[in-house]
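Notes to accompany the following structure.
The values are calculated or read from the model by the stated rules, or taken from the named source; none is laboratory data. Keep in mind that this is a model prediction, so the values were computed, not measured. A quick note on method: Cβ atoms are made from the backbone with ideal geometry, for glycine too, and the neighbour counts reach across all protein chains shown.
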Amino acid sequence: MKILVVGGAGYIGSHMVKMLSKAGHHVVTLDNLSTGYRDAVKYGEFVEGDIADSDILNQVFSSTPFDGVMHFASYIEVGESVVNPGKYFRNNFSNTLNLLDAMVRHAVKHFIFSSTAAIFGEPEYVPIDESHPKKPINPYGLSKLMVEQALESYEIAHGLQSVCLRYFNAAGADIDGELGERHVPETHLIPLILQAASGRRESISVFGNDYPTTDGSCVRDYIHIVDLCSAHLLALTKLVKGSGSKRYNLGNGNGFSVIQVIDVVKQVSAKNFKIVETNRRAGDPATLVADSALAQSELGWTPVYDDLAVIVEHAWKWEKNYFCK
Ligand code: UFG
């Protein structure tokens, strides 16, 4: 297949580009490098550009008859979205419409959308399946839900078919150690704990110890980046073969508390470091765990790296090799 990966220089996008290329597909990355890295795009073609720019989109779509588009180019910080909602609605929603309009102009019919557990808001039950009510509690989650809804209208009007994949907590790194997580600033739990383990930061903060969970810290469902990417590849392959539009939740179905994740990092890294208990972070639900039965049965997707120690091992290898040499 010929695939356009928008945001292919970012954490998830760069792993996706690698997987698609290794599977023999022709990949073009379009990325404005606002948060991604040119050197993370190790396979396929690269075009620097922004999806807000219709001329660039026309050039890219004219150059290759794409079978499908995968879209990873979003802002992802929940807290920032609360204080600067315009940034999120403009890029994550409005610019995505620009991309969809370009697909319509160039008759590209298949779209894989990087969605999020944040579309569900405060869970009414866990594990969260696809029919769980969607009531996002921050502009980030709302911006993603708005795209999911817009896609329904684009399908009716233009026949554009889509799979929306709602990620829980993406983590880990490339098995070969070639790629990994490089957010600036880093806000995600596992890379921050690894920074404490490697000595790049003094301590790790636990945001809240009074949640209704076994040890009082928040529980999340961590999914290996490679498993996440394999679900995308399966989804696109089925979509192109005519399976029709779908929405899937992607996680391992296992919840780990912040304290448990810290313990796993200590075991894997054999390092000790300081833990500081602080106040809750605004907007954090107590527990987010996915029910991914639908993705497993319909896509034939089976997470391979569903052991948290393995997820952490791969991320630790990246932390040491990339940041601590
Ligand atoms: N946490 C800490 N200390 C830290 C950082 C995080 O205790 O220093 C806690 C958070 O409060 C949360 C858990 O660790 O309970 C996981 O936090 P992350 O920031 O790693 O992940 P989130 O669950 O908040 O966010 C994930 C994705 C986001 C996405 C969000 C909603 O990582 O990109 O889900 O889908 F926006």
- line: Contact list, first residue from the range 220-249 and surrounded by fewer than 18 Cβ atoms within 10 Å (Cβ to Cβ), second anywhere and acidic (Asp, Glu), beta-carbon distance below 7 Å, six or more apart or interchain, is Val240/Asp67; Ser245/Glu155
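Just name the residue that is surrounded by the most Cβ atoms within 10 Å (Cβ to Cβ) out of those in the range 1-31 that are among the β-branched types (Val, Ile, Thr) and assigned to a helix (DSSP H, G or I).
Narrowing the range 1-31 to residues among the β-branched types (Val, Ile, Thr): 3, 5-6, 12, 17, 27-29.
Still in the list and also assigned to a helix (DSSP H, G or I): 12, 17.
Values: Ile12: 22, Val17: 32.
Checking each candidate, the answer is Val17.
Out of all the residues in the range 42-57, is one or more within 20 Å of Leu233 (Cα to Cα) and among the basic types (Lys, Arg)? Walk me through it before giving the result.
As a first pass, look at the range 42-57 and keep what is within 20 Å of Leu233 (Cα to Cα): 42-46.
This time we only want the ones that are among the basic types (Lys, Arg), so: 42.
Yes: one or more hits.
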task: List every residue pair whose Cβ atoms lie under 8 Å apart, where the two residues are 6 or more positions apart in sequence or sit on different chains, the first residue falls within the range 1-25 and is in contact (Cβ under 8 Å) with a residue 60 or more places away in the chain, and the second residue, located anywhere, is of a type in the set (Gly, Ala, Ser) and part of a strand (DSSP E or B).
output: Met1/Gly68; Ile3/Gly68; Leu4/Gly68; Gly7/Ser114; Tyr11/Ala170; Ile12/Ser114; Ile12/Ala170
query: Has the range 260-269 got at least one residue that is under 29 Å from Glu148 (Cβ atoms), more than 9 Å from the ligand (Cβ to nearest atom) and surrounded by 18 or more Cβ atoms within 10 Å (Cβ to Cβ)?
result: no
query: Are any of the residues in the range 148-156 surrounded by fewer than 23 Cβ atoms within 10 Å (Cβ to Cβ), modelled with pLDDT of 95 or more and among the β-branched types (Val, Ile, Thr)?
result: yes
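For the range 187-218, give me each residue that is part of a loop (DSSP other than H, G, I, E, B) and more than 9 Å from the ligand (Cβ to nearest atom).
Correct list: Gly199, Arg200, Arg201, Glu202, Asn209, Asp210, Pro212, Thr213, Thr214, Asp215, Gly216.
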message: Pairs needed: first member in the range 281-300, under 14 Å from Leu165 (Cβ atoms) and within 15 Å of the ligand (Cβ to nearest atom); second member anywhere, of a type in the set (S, T, N, Q) and outside any loop (DSSP other than H, G, I, E, B); C-beta distance under 6 Å; at least 6 residues apart or different chains.
response: Ala290/Asn249; Ser292/Asn249
